[in-house]
Amino acid sequence: MSEVLVPESGRDGTDLERILLEHAYRGVHLQLALRGVIVLFLGLTLFVVPPANGFGVCAAILTCYAIWASAVALWARRGGRGPVTTIWLALFVDLAVIAGLALLTGVEAQQSWTANILTNGLFVIPLLACTQLRPLVCVGVVVPTVGAFLAASWATMASNEEPWSSVLLSTMALACLGAGAVVLSRIQRSRVLTIGRLVSDRTALLAELVSLEQRERRAMSEQLHDGALQYILAAKMDLDDLTGADPGALERITHALGESSTLLRATVSELHPTVLDHIGLARALGDLARSARSRGGFTVDLETSRWADDLRTPVDDVLFSAARELLSNVVKHAHARTVRIELADTDRGAVLEVADDGDGISADAIDRSRRLGHIGLTSHELRVVAAGGSFTVSPGPRAGTVARIEIPLEDAESVPGLSAARRSGAG
């Protein structure tokens, strides 16, 4: 009975827990809706076909049950793991109320159609249990429901003059419905867990692909930095030492080598931002912004005043990679004149916003791009979500696109695969 669908936090990954919680709450919401139907059914039965005796007691029980059902619904709205893991206990209250009303209206009456109708309400209980996606809970509810139906039907046989054959056939129908509910609960649970495993595998594969990309970029960055860039810098220093040559030629060569070294530095930084380790994310974004500005021909407004230069977080690389992808899309597709980049360390965590005044992109366009196999932006969105954050892309206030990333730093520190960097200090 203690079987739980939702894993402990962090045990199987953020994505898996989110998927399981989402599907479990769908069952909770369906259970709450069906409980509302039960309250309506009981009320209509008592007022349309009132019992011969005990109407006041039955009405009081129904009123208390309706208040209790409303309280359970409000409690379930708070979210979290609590309602998902314990709301199955409410099913026994439903069972006790329906069976109790059936007995109250049928035992002492000479003839009571009220009890006969109320016992039919027990057929809804297996459906309520099925919504839990927990087969053991479903069995634990179905068995006493069938027993209560048989007991209530037997207790009211005399008043309703119902033969044993009718009671047994009705009980068998309820038992078959209960068995089907148990099997359906098992099937639905299996499907949800399969989806969860697929999401977990997808996240692991994405992490491996991103890790591979980072290793390749680091290797290429080191090769450029230790090879071509060093030769260019050495040649520039040698030219500075030359005397008696054509000043104009020397000036042109010096300028060309200076520009080449600047471009190589920007390429090295963009491929693998070593400044993330040494100088920080804000400076790395500055290099990235200058590179994007030279390629895209737009103006860049970079705002990092709310991000300390010595701040280091586990998600620096996630934010930098996402910014690189967003700026690359602006350069290729936006036709923007101005791009605004804002990086901030807030009470909610790290916030990165990239906005442009270009052509803009719709949700349908993003979906079409995914179907065509262009998953660059999607891969970064998954990395942000895996770190416990949110990634939204929306139209700008007048034109263009606004991409916003928020990652709670406290949650990110416990996510596997992210570096355990300190929040302050360059070490």
So with the 1.4 Å probe, I'd like the accessible area per residue for region 300-353, rounded to whole Å². 42 Å²
Would you calculate the separation in nanometres between label points at Leu34 and Ala344, each defined as 7 Å from the Cα along the Cα-to-beta-carbon direction? 4.6 nm
Taking amide H atoms as placed 1.01 Å from N in the peptide plane, list the residues 5 or more away in sequence, or in a different chain, whose amide H sits under 5 Å from that of Val300. Val339
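Could you work out how much longer the chain between Arg398 and Ser165 gets when fully extended? Use 0.36 nm per residue separation minus the Cα distance between them, nm to one decimal. List each step's numbers first, then the result.
Numbers: separation 233, 0.36 × 233 = 83.88 nm, distance 7.39 nm.
Length difference between fully extended and current span is 76.5 nm.
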Report the label-to-label distance for Thr194 and Ser70 in nanometres (one decimal), using points 7 Å from each Cα along the Cα→Cβ vector. 4.3 nm
Output ³J(HN,Hα) for region 167-176: one whole-Hz value per residue in order, computed from phi by the Karplus curve 6.51 cos²θ - 1.76 cosθ + 1.60 with θ = phi - 60°, and x for Gly and Pro. 4, 5, 5, 5, 5, 5, 4, 5, 5, 5
Taking the Cβ-Cβ separation of Ala155 and Arg77 as r and a Förster radius of 45 Å, what is the calculated FRET efficiency to the nearest 0.05? 0.75
For Leu89 and Asp310 in the same chain, what is the full-extension length gain: residue separation times 0.36 nm, less their Cα-Cα distance, in nm? 74.4 nm
Calc'd 3J(HN,Hα), region 376-391, phi into Karplus 6.51 cos²θ - 1.76 cosθ + 1.60 (θ = phi - 60°), Hz, glycine/Pro = x, comes to x, 5, 4, 4, 6, 4, 5, 5, 5, 5, 4, 7, x, x, 10, 9
Sort 31-39, 277-285 by the packing proxy (mean of other Cβ within 10 Å over each peptide's residues), most packed first. 277-285, 31-39
If I model a spin label as a point 7 Å beyond the Cα along the Cα-Cβ vector, how far apart are those points for Arg290 and Phe55 in nm? 8.8 nm
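Residue separation times 0.36 nm, minus the C-alpha to C-alpha distance between Phe47 and Val385: what's the value? It would help to have the intermediate numbers written out before the result.
Numbers: separation 338, 0.36 × 338 = 121.68 nm, distance 5.21 nm.
Value of the extension gain: 116.5 nm.
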Peptides 67-75, 395-403, 316-324, 22-30 ordered by average Cβ neighbours within 10 Å, highest first: 316-324, 22-30, 395-403, 67-75
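The values are calculated or read from the model by the stated rules, or taken from the named source; none is laboratory data. In this text, all values refer to a predicted model and were calculated from it rather than measured experimentally. Cβ sites come from the backbone with ideal geometry, for glycine too, and all protein chains shown count toward neighbours. Side chains are part of the model used for accessible areas, which takes the heavy atoms of the whole protein and leaves out ligands, DNA and RNA. Shrake-Rupley method; radii C 1.70, N 1.55, O 1.52, S 1.80 Å.
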